[in-house]
Amino acid sequence: MNTPEWIKPAAYGAVAGGIAVAIVGFMWGGWVTGGSAEARAQAAADTSRTDLAAAICVQNFLADEGARENLAEIKQFASASQQRTFIENGGWAVMPDSEAVARPTATLCARMLSGLEPIELPVVEDGEVIEEGEVTEGDVPAVAPQPVVEPPAAEPVGADPAAQ
C-alpha cells in the first residue's frame, strides 16, 4: 500500500496542533478537568451552605430574649475562637437537621454578630418587643441623590425635518 507523501507531515501537524490547543486551553483558556471542576463545585456548595447556616445562626441569636446582653458579652471576648465557643455553647449554630455545630458556621456567625452593636437590637421579653433597637449612624450609607435624566423626545415617524 502506497501512502501519499503529504500524510506524514499532516499527521504530525495535527498531533502538534492538538497538543498546542490543549496546552493553551488548560493554561490560559480556563479549561479544567472533571475532577477539578467537581472539587470547585463542592467547595462552592460548602461555602454557600456555611453562609446560609451562619445567617440562620444570626437569626437564632437575635430571636433569643437575651440577645442584647449576649451580644454585649460576645463583643467582650478578645479572640475569634472565644466568640465561636460562646456561639457553640449557646446552641444558636445548631441547624434543625443536626445535633452538632459546624465549626465554620459558628465562626462566621460570630464574625457577623461582632459587627453589630447591642444598642441596635430590640429588647424582647416573653416574645414581645419591649424596646426597639436604634439605627446607629454607621449603619446608614450616605447616598447622594442622583439627578433624573430625561430621555430625548422621539420624533414622530414620517416627520419631515425640513418642514419644521
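Okay, residues lined up against (1) farther than 30 Å from VAL101 by Cβ; (2) surrounded by 10 or more Cβ atoms within 10 Å (Cβ to Cβ):
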residue: ASN2; (1), (2): yes, no
residue: TRP6; (1), (2): yes, no
residue: ALA14; (1), (2): yes, yes
residue: TRP28; (1), (2): yes, no
residue: GLY35; (1), (2): yes, no
residue: ARG40; (1), (2): no, yes
residue: ALA43; (1), (2): no, yes
residue: PHE61; (1), (2): no, yes
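Checking each residue in the stretch 48-77 for being over 20 Å from MET95 (Cβ atoms) and touching a residue at least 24 places away in the same chain (Cβ under 8 Å) picks out GLU65, ARG68, GLU69, LEU71, ALA72, LYS75.
Restricting GLY29, GLY115 to residues that are without any contact (Cβ under 8 Å) to a residue 24 or more places away in the chain and within 24 Å of the chain's Cα centre (by Cα) narrows the list to GLY115.
Read the figures in this text as sums done on the coordinates, not as results from a lab. All values derive from a computational prediction rather than experimental measurement. Positions of Cβ are generated from backbone atoms using ideal geometry, with glycine treated the same way; all protein chains shown enter the neighbour counts.
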